[in-house]
1. Suppose the chain between residue 172 and residue 67 were pulled fully straight at 0.36 nm per residue; how much longer would it get relative to their current alpha carbon spacing?
2. Tell me which residues come under 5 Å, amide H to amide H, from residue 161 once H is placed; ignore anything under 5 positions away on its chain.
3. Would you mind checking which residues have amide H under 5 Å from residue 140's amide H? H placed 1.01 Å from N; only 5 or more apart, or other chain.
4. Beyond 18 Å, what percent of the Cα pairs of segment 133-184 remain?
Amino acid sequence: MNGQAPSKMRERLSQPLTWHAVGTVILALAVMAMAVRLGMDWQAMHASSAAALLTKQMELKTLTLRTAPLRGLDQRVKKTRTEMDDFYAQRIPSSYSSIAARIGELEVKSGVRVSRVTYAQKQGSEKLTEIVLDAGVSGEYPQMMKFVNGLERDPMFFVIRAMSLTGQQGGMVNLRLRVSTWMRPADAAASGTPAQTASDVTTAAKEGE
């Protein structure tokens with residue numbers, strides 16, 4: 001009986017059907033191994049693609065934030081140029097005589113007396129030359145305040161640099177005033193020193209009334 005068992009085993013192993021079954025099992029195991037490897041590779045590739053996509057999205061967001069200030073820049077530049085042109089046209093005098101005339105108008109409105117007006121040019125930029133006015137102003141205190149406030153609020157651009165009290169008699173106050181305005185360099189060079197002081201303009205204005 002014991003001798004028959006090995007012979008039967010050898011017979012089974014020698015049969016083609018047995019080897020076919022063994023090959024089928026090995027092939028099935030190989031397919032399963034390939035399927036597992038393919039699944040692992042797909043997961044790794046999917047994770048890599050997701051990471052790459054996230055990186056690109058972050059780069060796009062960063063680029064969008066960096067370029068945000070540049071959006072509409074051409075329109076802002078155009079608006080700024082228009083505002084600068086309006087500022088030059090409305091607030092920058094074109095000649096010394098226009099400065100003197102404006103000071104004279106403020107003198108008449110406030111009731112003060114402006115005298116000893118001198119002008120000096122300071123080295124400025126390529127676009128503007130500073131014009132410094134030194135003047136003596138006399139009048140009552142309320143008139144003086146009205147004149148100073150008029151200078152600060154005038155459409156023509158005036159900047160008060162210094163004020164010093166030089167004397168007071170009764171209700172009259174004497175004030176030394178230094179004021180700056182600006183002109184285009186070409187206008188400053190072409191207009192020359194004004195022939196009249198502000199007080200002369202005032203006298204002419206009163207005579208014409």
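1. 31.6 nm
2. Here the answer is 178, 179, 180, since their amide H atoms fall under 5 Å of that of residue 161.
3. 173
4. So the portion of pairs separated by more than 18 Å is 31 percent.
Rule-based calculations on the coordinates, nothing more; no lab input. Fair warning: this is a prediction, and the values are worked out from it, not measured in the lab.
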